[in-house]
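This report concerns only the one structure given below.
The values are calculated or read from the model by the stated rules, or taken from the named source; none is laboratory data. Because the structure is a prediction, the values reported are computed rather than measured. Counting neighbours? That spans all protein chains shown, and the Cβs are built from the backbone with ideal geometry, glycine included.
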Amino acid sequence: MKKINRRQFITLAAAGAGTAVAASWMWERVSSSQLSAKPAIDLPKLHKSNNGLLELNLEASNRAVKLGDKQAYLLTYNGQIPAPRLEAKPGDTVRIHFTNNLSQATNLHYHGLHIPPTGNADNVFLSIEPGESLNYEFTIPSNHPAGTFWYHPHRHGFVAEQLFGGLAGLFIMRGELDEIPEIKAAKEEFLVLQDFALDGEGRLMSSAHMSIMTGREGDVITINGDPNPTFSLPAKGMVRWRILNASTSRFYRLSLENHLFYLIATEGGALTEPVEISELLLTPGQRAEVLIKADQKPGKYRLLNLPYDRGAMGMGMMGGGGMMGRTGMMSRNEDTPRVLATINYGSAVKPASLPKKLSVIPALPKPKQVRRFELNHGMAPGMGMVFLINGQPYQNNRIDTQVKLNTVEDWEIINTGVMDHPFHLHVNHFQVISRNGQPEPYPAWKDTVLVPRGETVRIRIPFRDFAGKTVYHCHILDHEDLGMMGTLAIQG
Ligand code: C2O
Ligand code: CU
Ligand code: CU
């Protein structure tokens, strides 16, 4: 088993100075949250595939839901926060009858799944207008890794607003990892982390009142829609937590009092062996699976979110007051740990042991093709403040990067800005090779990697199985909507 110290997980860099801008455009992006909303409905919270088929109806709409004992009016799939969990196996066909009852165009993205980016599959260029329906259908490759994936809207321009309204759910791929005896014996829990900004009546704050350049954050943090959940650990036993950061911009730096985490899987599935860590940093879009040994005295332990500084635009950039809502930029860096959940020890079971081997992660051949992607922000004519990749804001009809199917490439992602950016690639998983020239301590398959301000991260990507057009972007979704996205064409 590997032990990793905290410095290898968190790299803090000093923020540079920003430039001054006015931000009049912010006022034009008013949230569409409705004043009336249908109440939540009681539909299954889990949809599993059956005889090779996962089929369901999925409706996006405004609903009145309960966050703990508080009433809130959110954007939901099938009236649920978080959205229903989907579970499938390699080789399954997935058929989703999707209806958009939002007041904006939307679509669905299957984050982390290795499926076609074309047709009615993981195609982020589709746009489903209000009142319209679309049938999504795709087949999962028979060699797809097991793991914790998810689905959320990806209609460019509205992604942050819709995700922040609550539209996110898990997509679990079952497989080999689930069959390892020690893991099978562990109690499985799913933790979907979301944050919300609500007014006194429980209505979503409009985009105009959010600090969207920093990336909007809400002060209500929920796990599985609950602001104050309790989890139980079987004393002496072990739990397997599958954690998704489904927040629009908020980073989570998790730590469980008196306990270690044993990391067994990242975004792309299983590691080779468990890695012992004392805290877990999850950027928006990232997932992790950890085992926790319930080897302490029975009692209550707190799951904490520790402070993390992800950088910010300087105050001078905002061009005067009035731009800071309740969740204004100064409140973003919370400097004290926050309790997210309470863990209760249950009754004793027989002592559990950690698995030794989890999977095999082959080293990828060192490629000739190396590309560079610089992340930064700036001004664009007619658009105001934008977020840029290689100096350009996203444009729908432009191909930014062309690669060949069945090749491997190294991408060097360089953050020259003043904020951290989690870089995400669709369709194909990658391995992190180095950070600032330092080799990564252990191999892992990932789809989202943190590129801290001032740093350079090198990733190695095999382009496999699917040709077509897709995207890469910052998973602080306000940055994505404000331009930090590029189009990738994979040529067959
Ligand atoms: Cu979860 Cu393109 O995103
Ligand atoms: Cu994605
Ligand atoms: Cu970003």
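Look at segment 41-52 and say how many of its residues are surrounded by 12 or more Cβ atoms within 10 Å (Cβ to Cβ) and either touching a Ser or Thr at 6+ places or on another chain (Cβ under 7 Å) or part of a loop (DSSP other than H, G, I, E, B) (or both).
Looking only at that region, the number is 5.
For segment 195-306, please list each of the strands (runs of 3 or more DSSP E) lying entirely inside it that holds at least 3 residues being farther than 24 Å from GLY175 by Cβ.
220-223, 230-233, 252-256, 300-305
Does segment 437-446 include one or more residues that are part of a strand (DSSP E or B), among the charged types (D, E, K, R) and either more than 22 Å from THR272 (Cα to Cα) or touching a strand residue (DSSP E or B) at 6+ places or on another chain (Cβ under 9 Å) (or both)?
For segment 437-446, residues part of a strand (DSSP E or B), among the charged types (D, E, K, R) and either more than 22 Å from THR272 (Cα to Cα) or touching a strand residue (DSSP E or B) at 6+ places or on another chain (Cβ under 9 Å) (or both): present.
From the list ALA121, ALA160, ALA168, which one is free of Cβ contacts under 8 Å to residues at least 60 places away in the same chain, over 30 Å from LYS356 (Cβ atoms) and within 16 Å of ligand 2 (Cβ to nearest atom)?
Going through ALA121, ALA160, ALA168 in turn, just one is free of Cβ contacts under 8 Å to residues at least 60 places away in the same chain, over 30 Å from LYS356 (Cβ atoms) and within 16 Å of ligand 2 (Cβ to nearest atom): ALA121.
Write out, first by first residue and then by second, each pair whose Cβ atoms fall under 6 Å of each other, whose residues are 6+ apart or on separate chains, and whose first residue, in segment 277-295, is modelled with pLDDT under 95 while the second is surrounded by fewer than 19 Cβ atoms within 10 Å (Cβ to Cβ) and assigned to a strand (DSSP E or B).
none
Could you list, in sequence order, all residues of segment 86-115 that are assigned to a loop (DSSP other than H, G, I, E, B) and either out of contact with any strand residue (DSSP E or B) (no Cβ under 6 Å at 6 or more places or on another chain) or within 14 Å of ligand 1 (Cβ to nearest atom) (or both)?
Within segment 86-115, LYS89, PRO90, GLY91, SER103, GLN104, ALA105, ASN107, LEU108, GLY112, LEU113, HIS114, ILE115 meet the criteria.
Against the condition at pLDDT 95 or above, part of a loop (DSSP other than H, G, I, E, B) and more than 16 Å from ligand 2 (Cβ to nearest atom), how does ARG453 come out, does it pass?
Yes: the conditions hold for ARG453.
Condition (residue is more than 25 Å from MET210 (Cβ to Cβ), out of contact with any helix residue (DSSP H, G or I) (no Cβ under 9 Å at 6 or more places or on another chain) and in a loop (DSSP other than H, G, I, E, B)) applied to segment 55-68: is it met by at least one residue?
no
Pick from VAL386, VAL370: which is among the aliphatic types (A, V, I, L, M) and within 16 Å of ligand 3 (Cβ to nearest atom)?
VAL386
Only one of (1) within 16 Å of ligand 1 (Cβ to nearest atom); (2) part of a loop (DSSP other than H, G, I, E, B) fails for ILE413. Which number is that?
Every listed condition holds for ILE413 apart from (2).
Examine segment 145-153 for a residue that is surrounded by fewer than 17 Cβ atoms within 10 Å (Cβ to Cβ) and more than 16 Å from GLU59 (Cα to Cα), and state whether such a residue exists.
Checked segment 145-153: no residue is surrounded by fewer than 17 Cβ atoms within 10 Å (Cβ to Cβ) and more than 16 Å from GLU59 (Cα to Cα).
I'd like to know if segment 474-490 contains one or more residues that are part of a strand (DSSP E or B), closer than 23 Å to LEU244 by Cα, aliphatic (A, V, I, L, M) and away from ligand 2 (no atom under 16 Å from the Cβ).
The answer is no; no qualifying residue exists.
Take segment 137-157 and flag every residue that is touching a Phe, Trp or Tyr at 6+ places or on another chain (Cβ under 8 Å) and more than 15 Å from ligand 2 (Cβ to nearest atom).
Of everything in segment 137-157, just one residue is touching a Phe, Trp or Tyr at 6+ places or on another chain (Cβ under 8 Å) and more than 15 Å from ligand 2 (Cβ to nearest atom), namely PRO145.
What is the residue count in segment 454-469 for residues that are aromatic (Phe, Trp, Tyr) and under 15 Å from ASP410 (Cα atoms)?
1
Are any residues in segment 419-436 more than 16 Å from ligand 3 (Cβ to nearest atom) and of a type in the set (D, E, K, R), and if so, which ones?
Residue satisfying the conditions is ARG435 alone.
Could you grab me the full set of residues in segment 197-224 that are among the hydrophobic types (A, V, I, L, M, F, W, C), more than 16 Å from PRO284 (Cβ to Cβ) and in contact with a helix residue (DSSP H, G or I) (Cβ under 8 Å, 6 or more places away or on another chain)?
Result: LEU204, ALA208.
Listed residues ASP481, ASP447; which is under 28 Å from THR139 (Cα atoms), at pLDDT 95 or above and either more than 10 Å from ligand 3 (Cβ to nearest atom) or surrounded by fewer than 19 Cβ atoms within 10 Å (Cβ to Cβ) (or both)?
ASP447
Give THR401, THR456, THR416 a once-over and let me know the one that is more than 22 Å from the chain's Cα centre (by Cα), within 16 Å of ligand 3 (Cβ to nearest atom), touching a residue at least 40 places away in the same chain (Cβ under 8 Å) and surrounded by fewer than 22 Cβ atoms within 10 Å (Cβ to Cβ).
THR416
Checking VAL427 against (1) assigned to a strand (DSSP E or B); (2) closer than 29 Å to PRO141 by Cα; (3) β-branched (Val, Ile, Thr), only one condition comes out false. Which one?
Every condition holds for VAL427 apart from (1).
Identify all residues within segment 464-478 that are crowded, with 19+ Cβ neighbours inside 10 Å and either within 18 Å of the chain's Cα centre (by Cα) or more than 16 Å from ligand 1 (Cβ to nearest atom) (or both); write none if there are none.
If the condition is that a residue be crowded, with 19+ Cβ neighbours inside 10 Å and either within 18 Å of the chain's Cα centre (by Cα) or more than 16 Å from ligand 1 (Cβ to nearest atom) (or both), then THR470, VAL471, TYR472, HIS473, CYS474, HIS475, ILE476, LEU477, ASP478 are the ones that fit.
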